[in-house]
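The values are calculated or read from the model by the stated rules, or taken from the named source; none is laboratory data. Keep in mind it's a predicted model, so treat the numbers as computed, not measured. We place every Cβ from the backbone using ideal geometry, glycine too, and count neighbours over all the protein chains shown. Areas reflect the complete protein model, heavy atoms only, side chains present, ligands, DNA and RNA absent. Shrake-Rupley method; radii C 1.70, N 1.55, O 1.52, S 1.80 Å.
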Amino acid sequence: MNTDWLLQHSPALIIALPLLAAFLMPVVDRISRKARNVFAIIVLIVEEILVLFLAYDVFGGNPHIYTMGAANPLTTVPAQAAVPIRIVLEVDAMGIFMAMISATVCLAAGIYSLAFIEEEKGKGKYYTLLLLILVGMLGMELTGDMFNLFVFLEVLTIACTALIAYRSNTGDAVEGAFKFLIISSIAALFVLFAIALLYAQYDLLNMAALASAIQYSNLDKIALVLLVAAFAMKCGSVPMHFWTPDAYSVAPASITAILVAASQASLYALFRVCFSLYGVTLNLSTIGGALIIFGLLSMFVGVTMALPQKDIKRLMAYHAISQTGYMLLGVGVGLYLLAKPEFSTYGIKAMEGGIFHIINHAMYKGLLFLTSGAIFYRLKTRNLNEMGGLGHSMKWTAIFFIIGALAIAGIPPFNGFASKLLIYEAAYKVSPILSIIAMLVSILTLASFVKVFHSAFMGPKIYDVEEVPKSMLAGMAVLTFVIILFGLFPGWVVGNIVHPAAQALADQAAYIQAVIGG
Amino acid sequence: MLRTTGGYWDPVLWIIAFIVIAIVAYIIRAMGRGDYSGKGEQTKPYISGVEEPEKEMVHIRAGNIYWGFMESMKGYYSTMMKIHTGLVNDYISWFVGISALLFIFIFLVEVI
Amino acid sequence: MIYSIPFYTVIILILVGMYAMIFRRNLIKMAIGLTIVESAVNLFLVTLGYREGGVAPIYTNLPSGIKIPEGMVLPVPQALTLTSIVIGVAILALMLSLSIMIYRHYGTLDSKKVRRLKE
């Protein structure tokens, strides 16, 4: 196969492959159990390779454009029209950065699921929905079209809801799923209403074309409020975070790891709307300030609510909220400083920190949720009070947990430290109080993971259990590998992956240019 | 090496430093007495003369950890618990409320 | 004036739906509230696409004397509405089936009693 051809069509293939595979899954499931497992893993691996293949080219400085249905995918504007009418996929460094996160987390969770859900029913449907979640995330991250964003958001919502309610023999799972569904669909309707408001004014749905036309009129402001509120809630920022612990704690652990990445897809959409769609037309300091406030609240409330939790996954879910706060703070500082002279010195550093934290968080929080699933797999409980002494028998799980816990608490030399350091120092320049709160939260994070480690793994041997099956360990090992790699070489990662992504997000002109100018 | 706003961060240097410190610590430890066996009365915990309980009995469960912190932050936590009702209607009203606040936040700044 | 009535209807429907979702404790009624909000958004989209005297852009079935493309309606809002309706049906079906399962587990549809997950 010609690699140029593959490279050119890979944006569409990345979305199409899991979509087709998802609906093939019930057929493959009829053949045999093994065929289904092999098929799922192969699809996830091929997907990961495709994403990395495209990422290599995009980080080399070529944003990719793909026009759906056009004879030549590069002709975004048809000959008879003045504006882009077809659905355009726009893959810049930020989009492919997020796609890498989604593909990696799904791969790890897929490998992990092989043994994890072995005893459950409906495994064929499980993998179908898992691939649909992947489609939803990737679609949101690669698309350059507002309405397409909404459609993929809904695909993501429906697939996530079905998988949160996967263990529907317990009332909790159904309740969590219902809460997630009603909250997500009202947010999605807000998004649709905002899209309609924008369409009413500019007759455009393409993000880049909208960005070049946007006037920041009163209707635009209403649309901005609706979009920011909806996506901020979908990413779980305080004080709209209530659904997060409910949904995260009841979903199977492998799905919870993916839900973290799914929330980050919404976070990406939030950043995309603020930076690429509105960009410099915004009254920047206000919405940037709003993001900083969301970030501070999320960090503090998330971590303090995590401390007294007794359910291990609920505790980790509150930490997920708290860590989302760091990303909002980092990127919020960047948005606050955008179009000011300070941006090139420390504004971009803050954004790098926030964006680096997204990938770090997806990896270590995914890993932590997978270890909590390993504990659940053996003990059949999520209650921390009933745990103890697991370190005697589940050594690998304990080691993975320590690595994840140290990374989330920002202990050097793990990756969480590098991104937090970038955020601390840049936020300090804006206001020292931001850094102080961020560091305090980091300490409390460590404290609560010490609690989890002590009560789950330390102490006398209470349960006579074995280590979890190999495929679960392999799933955790994938994420651990990335954590250690990013921990040891943060300079390379930031320079080659995170900095281009931050630059792509901040540079609205290039985003518009890629679709309309060429 | 990662350049930050105020300086740089290099985990490889950090690990080298960690290893050096570990070696120094090991050397200091090796300078100690070699004939200490580690047995005897001094290694046992002393609980005011009370017999030491069984190892199975002393594991501190999660609910008891950070009891003092919770106690001192009681006011904060009782407010927080009150907010986290678990009622799905409240989730939606928070969402609508925050949207309204954002709305005011964005429009009010223009007026001032 | 007459042309802005649909927009007022949209606002009223959104408020009614939001009211149902915030103040009604019954999960089915909340689902109905959500559907009302969704209908409002759909109505808004359709209203945006309305052109006085425009015809549907079906080239094989054009009445005579219609200028191409000025006399025709751009079908994008209708396409958006259709997609949104389809998605809405899926969401509603999922929501109602979850309500059924909640009723089986909890024996009630009162959202005040369906809260094992809190704090």
Exercise. Could you give me the residue pairs with C-beta distances under 7 Å whose first residue belongs to segment A:442-469 and is more than 18 Å from residue A:374 (Cα to Cα), whose second residue is part of a helix (DSSP H, G or I) and open to solvent by 50 Å² or more (accessible area, probe 1.4 Å) wherever it lies, and which are 6+ apart or on separate chains?
Key: A:460/B:55; A:460/B:56
Quiz item: Identify, please: which residue in segment A:465-487 is of a type in the set (D, E, K, R) and outside any helix (DSSP H, G or I) and is, among those, least open to solvent (accessible area, probe 1.4 Å)?
Solution: A:467
Quiz item: Which members of segment A:385-411 meet the condition of being surrounded by fewer than 24 Cβ atoms within 10 Å (Cβ to Cβ) and either touching a strand residue (DSSP E or B) at 6+ places or on another chain (Cβ under 8 Å) or of a type in the set (Val, Ile, Thr) (or both)?
Solution: A:399, A:402, A:403, A:411
Self-check item: Condition check for residue A:103: buried (at least 24 other Cβ atoms within 10 Å of the Cβ) and aliphatic (A, V, I, L, M)
Solution: yes
Quiz item: Yes or no: residue B:5 β-branched (Val, Ile, Thr), away from chain C (no Cβ under 14 Å) and open to solvent by less than 60 Å² (accessible area, probe 1.4 Å)?
Solution: yes
Exercise. Among the helices (runs of 4 or more DSSP H) lying completely within segment A:232-311, list those that include at least 3 residues that are out of contact with any Ser or Thr (no Cβ under 6 Å at 6 or more places or on another chain) and within 14 Å of chain C (Cβ to nearest Cβ).
Key: A:243-250, A:284-306
Quiz item: What number of residues within segment C:46-85 are surrounded by 12 or more Cβ atoms within 10 Å (Cβ to Cβ) and part of a helix (DSSP H, G or I)?
Solution: 14
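Tally time: how many residues in segment C:63-89 are more than 8 Å from chain A (Cβ to nearest Cβ) and free of Cβ contacts under 8 Å to residues at least 24 places away in the same chain?
Restricting attention to segment C:63-89, the residues satisfying the condition of being more than 8 Å from chain A (Cβ to nearest Cβ) are C:63-73, C:75, C:78-79, C:81-82, C:85-86, C:88-89.
Still in the running and free of Cβ contacts under 8 Å to residues at least 24 places away in the same chain: C:63-72, C:79, C:82, C:86, C:89.
Of the residues in segment C:63-89, 14 are more than 8 Å from chain A (Cβ to nearest Cβ) and free of Cβ contacts under 8 Å to residues at least 24 places away in the same chain.
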Quiz item: If you go through segment A:447-461 one residue at a time, do you hit one that is in a helix (DSSP H, G or I), in contact with a Lys or Arg (Cβ under 8 Å, 6 or more places away or on another chain) and over 19 Å from residue A:324 (Cα atoms)?
Solution: yes
Quiz item: Among all residue pairs at least 6 apart or on different chains, which show Cβ distances below 7 Å where the first residue, located in segment C:90-103, is facing chain A (nearest Cβ under 7 Å) and the second is among the polar types (S, T, N, Q)?
Solution: C:91/A:185; C:94/A:161; C:101/A:168
Practice problem: For segment A:488-499, enumerate the residues that are part of a helix (DSSP H, G or I) and surrounded by fewer than 24 Cβ atoms within 10 Å (Cβ to Cβ). | Solution: A:488, A:491, A:492, A:493, A:495, A:496, A:497, A:499
Quiz item: When residues of segment A:166-188 are filtered for being facing chain C (nearest Cβ under 7 Å) and open to solvent by 10 Å² or more (accessible area, probe 1.4 Å), how many remain?
Solution: 2
Self-check item: Residue list for segment A:138-161, restricted to those being part of a helix (DSSP H, G or I), more than 26 Å from residue A:252 (Cα to Cα) and within 16 Å of the chain's Cα centre (by Cα)
Solution: A:142, A:149
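So that you can scan it fast, the table gives a plain yes or no per residue for (1) closer than 15 Å to residue A:354 by Cβ; (2) assigned to a helix (DSSP H, G or I); (3) among the β-branched types (Val, Ile, Thr):
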{"site": "A:403", "(1), (2), (3)": "no, yes, yes"}
{"site": "A:422", "(1), (2), (3)": "yes, yes, no"}
{"site": "A:435", "(1), (2), (3)": "yes, yes, no"}
{"site": "A:439", "(1), (2), (3)": "no, yes, no"}
{"site": "A:445", "(1), (2), (3)": "no, yes, yes"}
Quiz prompt | segment B:62-97, residues that are of a type in the set (A, V, I, L, M), facing another protein chain (nearest Cβ under 7 Å) and closer than 17 Å to residue A:302 by Cα | solution = B:70, B:80, B:81
Quiz item: When you look at residue A:216, is it over 17 Å from the mean Cα position of the chain (by Cα), farther than 18 Å from residue A:137 by Cα and away from every other protein chain (no Cβ under 11 Å), yes or no?
Solution: no
Quiz item: Going by the conditions given, is residue C:31 open to solvent by less than 60 Å² (accessible area, probe 1.4 Å), among the small types (Gly, Ala, Ser) and in contact with a Leu (Cβ under 8 Å, 6 or more places away or on another chain)?
Solution: yes
Practice problem: For residues that are in contact (Cβ under 8 Å) with a residue 12 or more places away in the chain and not small (Gly, Ala, Ser), scanning just segment A:189-198, find the one that is surrounded by the most Cβ atoms within 10 Å (Cβ to Cβ). | Solution: A:192
